[in-house]
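*Asks:* The structure is given below, and queries will be raised subsequently.
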Amino acid sequence: MINKRLLIKHLLAHNDENSFYDKKRKIDISLKEGKAKFLKHICALSNSNPKNNSYIVIGVEDEDNTIVGVDFFDDSKIQNLINAYLTNPPVVQYENIPFPHLPDDKVVGLVTIRPIDKITSLRKNIWKYYGGSVFLRDGSMSMPKVFDIEIKDINSKIVEAIENNAQNNIEHTLNGVFEFLNKRKDYAPQYKVFKEYFVVCWAGQKKIVNNEPFFSRVDIELINEQVRLFYSTLDEVSIIYEEDYFKIIEHVSLGLHNNYKYYPLEETIIRFENNVSYSIETKLLFEPPQFDKKTLHHIYNSNNIILEKLKKGISLTEREEFDLKNLPATYLICYLNLFHEAIDKLNEARPFLKNHSEELYDLFKESVRILRKVKYS
């Protein structure tokens, strides 16, 4: 069982970027350019490592390897994106790894690319890369190759040694449990041992809605591998567990005119096996709420007026300031009700919401997160 925090440290200490690992300050797959570059690196690392795992570490300064962290990233549908754009797509896993010195809202992203021993290429055009392109790692660069290539195994022994040195032990596990319990004292932290080996810690702000317990600002850590799941203050999460699984059902609050309801968004199940292995499965549960089209047209037009004022630097009225807080969620609802241009308007609003306040930008990111889950389901 690999301790992912140790693995990241060994990757950073081993060498600079090379043919089996890359490091990034951040990635952004919400934009076409960022999506294309991410797919290029996945393609190149997969082709350069036919027999061993390869990795991308996200949240690290390029110059001096300082671990600065990134926002929690929960795109469980990232595999669907890779399958859509790559021929012979590798199995890719994105995990959020906590580090003690980082703020609570920051983690290090770890992308693991599993070996497939086949040539991976772009399936179709994206940004400035053409369908059929093949990429390989040339030192720290992901370079296009326009000729037939031979897959060579040059990294297996090195990567195996790094992974072996990152194996978990009882000391790391106990330290992880105590660290979590001390850090999350504010929200009644709990832990449970599964199959006499796996330890899951969790904590969250509890409230009762219609006689059912829900949690917000939820931290969940699979201690053995230092993998973190996180749900924001805007989420409502229910937690169910038995002897061999830990289930999280995420809800989102959506509505109009202060009339909001909880809608199940996604179910995540961590299953524990008798052979000291586990799996994390996700299933989208979301059914978009449908609203009266005439009401939505009014809200959509009001949002557009507010957006134009923001673009021109015109002061908003008190009512418009109130509506501005609902703008990301209502644009999302409009889009889910087949107002196709609403998503373009939401993206246009991004820089203005970011400059207006941190709270508004968080609401924007929450709407984009929900959209991403639905889009790549």
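The values are calculated or read from the model by the stated rules, or taken from the named source; none is laboratory data. Remember, predicted model here, so these are calculated numbers, not experimental data. Cβ atoms come from the backbone with ideal geometry, glycine included; neighbour counts cover every protein chain shown.
*Asks:* What number of residues within the range 218-249 are touching a helix residue (DSSP H, G or I) at 6+ places or on another chain (Cβ under 9 Å), charged (D, E, K, R) and farther than 21 Å from F198 by Cβ? Quick ask: steps written out before the conclusion?
*Replies:* Of the range 218-249, the ones touching a helix residue (DSSP H, G or I) at 6+ places or on another chain (Cβ under 9 Å) are 218-219, 221, 223-227, 232-235.
Right, trim to charged (D, E, K, R) and you get 219, 221, 225, 235.
Next cut, farther than 21 Å from F198 by Cβ only: 235.
Number satisfying all stated conditions: 1.
*Asks:* Quick one: how many residues across the range 209-237 are at positive phi and in a strand (DSSP E or B)?
*Replies:* Residues of the range 209-237 that are at positive phi, as a first pass: 210-211, 217, 226.
Next, from what is left, pick out any that are in a strand (DSSP E or B): 217.
The total comes to 1.
*Asks:* Moving to a separate point now. Could you tell me which of the residues S367, S302, S357 is surrounded by 12 or more Cβ atoms within 10 Å (Cβ to Cβ), of a type in the set (S, T, Y) and under 19 Å from D74 (Cα atoms)? Steps first, answer last, please.
*Replies:* Details: S302 fails: under 19 Å from D74 (Cα atoms); S357 fails: under 19 Å from D74 (Cα atoms).
Among S367, S302, S357, only S367 is surrounded by 12 or more Cβ atoms within 10 Å (Cβ to Cβ), of a type in the set (S, T, Y) and under 19 Å from D74 (Cα atoms).
*Asks:* Are any residues in the range 281-291 in contact with a Leu (Cβ under 9 Å, 6 or more places away or on another chain) and either of a type in the set (D, E) or assigned to a loop (DSSP other than H, G, I, E, B) (or both), and if so, which ones?
*Replies:* Pass one, the range 281-291, residues in contact with a Leu (Cβ under 9 Å, 6 or more places away or on another chain): 284-286, 288-291.
L285, F286, P288, P289, Q290, F291, listed by residue number.
For every residue, the table says whether it meets (1) hydroxyl-bearing (S, T, Y); (2) assigned by TED's automatic domain parsing to the domain that holds E221; (3) modelled with pLDDT under 95.
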residue	(1), (2), (3)
K26	no, no, yes
I56	no, no, no
L86	no, no, no
P90	no, no, no
L102	no, no, yes
V111	no, no, no
P115	no, no, yes
K124	no, no, yes
S133	yes, no, yes
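*Asks:* Right, here's the next one. Could you run through the range 266-299 and say how many residues are within 30 Å of R319 (Cβ to Cβ) and not β-branched (V, I, T)?
*Replies:* Total satisfying the criteria: 10.
Here is a yes/no grid of residues against (1) more than 25 Å from K354 (Cβ to Cβ); (2) surrounded by 12 or more Cβ atoms within 10 Å (Cβ to Cβ):
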{"position": "N210", "(1), (2)": "yes, no"}
{"position": "F215", "(1), (2)": "yes, yes"}
{"position": "P264", "(1), (2)": "yes, yes"}
{"position": "N274", "(1), (2)": "yes, no"}
{"position": "E281", "(1), (2)": "yes, yes"}
{"position": "L307", "(1), (2)": "no, yes"}
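*Asks:* Failed condition for P189, given (1) surrounded by fewer than 20 Cβ atoms within 10 Å (Cβ to Cβ); (2) under 20 Å from the mean Cα position of the chain (by Cα), with all others met?
*Replies:* Looking at each condition in turn, P189 falls short on (2).
*Asks:* If we keep just the residues of the range 233-252 that are surrounded by fewer than 16 Cβ atoms within 10 Å (Cβ to Cβ) and out of contact with any Lys or Arg (no Cβ under 7 Å at 6 or more places or on another chain), which is nearest to I299 (Cα to Cα)?
*Replies:* K247
*Asks:* Something else about it: Could you pull out every one of the strands (runs of 3 or more DSSP E) wholly within the range 1-97 that has 1 or more residues that are within 28 Å of E273 (Cα to Cα)? Steps first, please.
*Replies:* Values: elements: 21-24, 54-58, 92-97.
Here the list reads 54-58, 92-97.
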